[in-house]
Every structure is written in structure tokens, then in C-alpha cells.
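Derivation of every value follows stated rules applied to the coordinates shown; laboratory data play no part. Since we're looking at a predicted model, the values are computed, not measured. Virtual Cβ from ideal backbone geometry, glycine too; neighbours counted across all protein chains shown.
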């Protein structure tokens, strides 16, 4: 599963962990996160600004 | 930390920075106790004027200090930021400020309910405490931007003092996203008076906070009318604090007048801050329909050392909006920022007299936009007046550009 990082505050969205507080349970794919979703920590960058970091977990096996 | 590498004015100075303001930051902790110092002076001298002590220092003395002490030459290099962020001392100061706010409210309310006071003295103390309540919003602001759950809870607890718990959502997720755009009820428009602005800002902020939580809770699958709505717990705490004060101290008529005034004036301090922080500024729309990212030039900055030391650096607002999770001790000043002529206290004061505020700020906004009125947020009702007055500047800018 892939990880995506906010370019401002370095918050990371990890598909494996999701972001339950924001309504994205573990294993929510990035594609399901709405485009107007802002970084939950700094809110100055939105989803399209996030930088892909590559895979998480052992070998990055897709769930 | 990537936040540091990406700072727009990153410099390569090595980290030999010594924070000369380290111990002076205690002023930000002590200043919210100013109404209590006023009460002590009343008890020692019997002079009612000390009820207004906070009011006089805030609007009268601090602007003089800002003029005397001027700009703050201290500026941590980027290399020092990570070290400053990791230093627990600074964080502890923000925690210590929280009980000070509770003490100021509780002792002042007790005083009003039990001590003989003239009506004008009650009002003077209410305004004094209101200023300090504005600072509860400032403390809640500093804590609410942090990533730790403990800090965020402390933010809600201190915001409850002034009955503004929704600020935590509204500011972080609403204002920071929409700042310097027409969508932001907390960004003022050129030509808009603070009074007109407050009628747009106060209800607009609450609506935006509620909608943000509604959208989030729909995704989570919970009702907006539940304790999961982050607006509700601090609101309940406010109700509990004020109900307890009235029940314990008794429904004294002076107390019943005092409490709403001190709270409303606390809100007014936030309105004042929002009014001056982005007045007229506008982010441009990009080709894809999104706004350009919030940059330091989209906030009015004030690097005045005196007022910054009692405000946890709030006035280094440009860096704050560019990097909202950065702590107060690490905020930096940059060259070529839109600058306020004095610190917040002085600006708050002149904001209450719109013709003076406009005469000070409007030409600065026009200069910021390079004379192009199309790059400024203008109050629709004032557009004609402003175009008549500053339209020529635009012509001149166009000719100069050619």
C-alpha cells in the first residue's frame, strides 16, 4: 500500500493505516480520498499537492 | 524535517543561534494575569482606575512600547528551527498559560460578585478581562495547531474559557485553507469596516466550523449531534464553567452583566485580529481553478518585539500561515513582507475608528498589489469609492510597467 506526504508539514497518509478520525478506515485507498481533502495537520495543502512516498509494509504487497 | 527545507527564504546559516527571547517568553504567560494584578492594586490603593489596568496597558502602553522598541532583530536561521521545536521549555510555557486564564476569569467573577463596585468599575473590569480572553484564543491558537493530542485538548480547554471552542476547527481547517480568498469569512475586504466585517465573520466562522465537522462525521458515519463533533465538548465545558460560576457566586445582577460583556469582548479581540491579519489581501486563482498556495505575502506581518512577546509571536503571522504547525519560538521574519505599521494592540485600536484605519492601511494594500485593484479583495459596497481614489495608481503602475 502506498504513502503520500504533505509537502508542507510532512504529515503522511498511509493507505495501510488510513486516517480514522477523518473517516478513512485502514486500507482506504488514496483514490477514495476526495480531491478537496486538506491535510489534517496544517490544512494549507490539499490532496493534489501530496507527494507519493512509495510503498509501506513488507514488500509493499497490496491488500 | 521537510517543513524546514521548503521554507521560501531558507538560508544556509549554521545553527549558532542563541534565543535571546527565551526567558522573555514568560511575559506571554504572565500577561493573561494582568486583570488580577489590577485587582491587587485596587485592593492596595482603593483606586478604581486599576480595574481598567489591562485595557490601558493593551491599547495605550503597548503601542507606545512598540514605537519605542520597534522591530525584533532576532530571527532563527532555518538550521536552528528543529532544535527550537524539540525544546520542551517552550511548550511548557504554553501549558502554564492555560490555568492562568482560568484564574483570571474565576477570581474576577468572584470579585464582581462579592466586592463593592461601582457600575463603571464592573464594566472596566469586564473589558479588561475581555482582552485577556482574547489571549485565551491566542493560547488556544498556539496549542490547537500542534499535532499532539494533549496539546489539542489543552487548546479546547482554554478556548472554553471564552466560549469559542469551535475556533479549533474553524481556524485550523477553515481559515488556514481559505485564507485571503473571498470564501473566507475571517479575511476582511478593503473598505469593509470592522463592524461590518464582524457581522460576516462571527456567524460565518461558526457555520464553516459546523459544516467541516458535519462533512467529516458523515464520512466517519456518526451524527453531527454527538460528542464526536469536536465543537460540542468545549461548548459543554463552557456551559459548565459559566453555570458553575453563577450557581456558586449567586445570580448577582452585576455578575450577570459582567460575564456576557467579558466574553463578548474576548470575541471582539479575535474579530480584531482576523480583521487586520489579511485585510484586502487576495490569493490568485490558478489555471486549474484552485487558489495559489498561501504564502507569507498573504498575511500582514508585524515584527514589533514588545507586542510579540506578550502574544507568543502571533504577529509573525506570515511565517505562521505558510507553516501553521511551526511553534511560536521558531517563527521567522522575512524581508519584503506586507508590514503593519504597529503591533496588534495599536492596530486593534485604530481598527475601531474606520476612517483612520483606512487612511493607514488602504494605501499599503494598493502598494502590496502594485497598484492593480484587480488583485485586491474589495468590499463590493466600497468599490466605487476605492476605484475613484486609487484607480489612478493603477494607471500609473501600468505606465511605469510599459
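In the Gaussian network model of chain B, springs joining C-alpha atoms below 10 Å, which of B:74, B:303, B:133 carries the largest mean-square fluctuation?
Highest fluctuation among the options: B:74.
At 222 nm, what helix-only mean residue ellipticity would chain B give, in deg cm²/dmol to the nearest 500, using -39500 (n - 2.57) for each DSSP H run of four or more?
-18000 deg cm²/dmol
Under 25 °C and 0.890 mPa s, how fast does the stretch A:2-55 diffuse according to Stokes-Einstein, given a Kirkwood radius computed over C-alpha pairs? Answer in µm²/s, whole number.
Diffusion coefficient, whole number: 227 µm²/s.
Order these by the 10 Å Cβ neighbour count, fewest first: B:122, B:100.
The fewest-first ordering by Cβ neighbours comes to B:122, B:100.
Which residue, B:126, B:160, B:287, has the most motion in a Gaussian network model of chain B that connects Cα atoms within less than 10 Å?
Maximum among the listed residues: B:287.
Between 0 and 90 degrees, rounded to the nearest ten: what's the tilt of helix B:194-220 against the longest Cα principal axis of chain B?
Here the helix axis deviates by roughly 90 degrees.
For chain B, set up a Gaussian network in which alpha carbons nearer than 10 Å are linked by springs, and say which option among B:73, B:341, B:182 fluctuates the most.
B:73
Report the dimensions of the stretch B:291-402 along its three principal axes from the alpha-carbon atoms, largest first, rounded to Å.
Principal-axis extents of the Cα atoms in the stretch B:291-402, largest first: 43, 33, 23 Å.
Compute the Cα gyration tensor for the protein assembly as shown, then decide on rounded, prolate or oblate, letting a ≥ b ≥ c be the square roots of its eigenvalues: rounded whenever a/c is under 1.5, prolate when a/b is larger than b/c in the other cases, and oblate in all that remain.
Taking the square roots of the gyration eigenvalues as a ≥ b ≥ c, the protein assembly as shown is oblate.
Rounded, prolate or oblate, given the Cα gyration tensor of the stretch B:214-366, with a/c below 1.5 counting as rounded?
Cα axes put the stretch B:214-366 in the oblate bin.
Using only Cα atoms, tell me the angle between helix B:34-45 and the longest principal axis of chain B; keep it within 0 to 90° and round to the nearest 10.
40 degrees
Could you state the angle between the C-alpha long axis of helix B:88-114 and the longest principal axis of the C-alpha atoms of chain B, as a value from 0 to 90 degrees rounded to the nearest 10?
Relative to chain B, helix B:88-114 is tipped by roughly 50 degrees.
Mean separation of Cα pairs under 8 Å and 6+ residues apart, divided by the residue count of the stretch B:27-122: what relative contact order is that in percent?
Relative contact order for the stretch B:27-122 comes out at 48 percent.
By the gyration tensor of its Cα atoms, with a ≥ b ≥ c the square roots of the eigenvalues, what is the shape of chain B: rounded for a/c under 1.5, prolate for a/b over b/c, or oblate?
rounded
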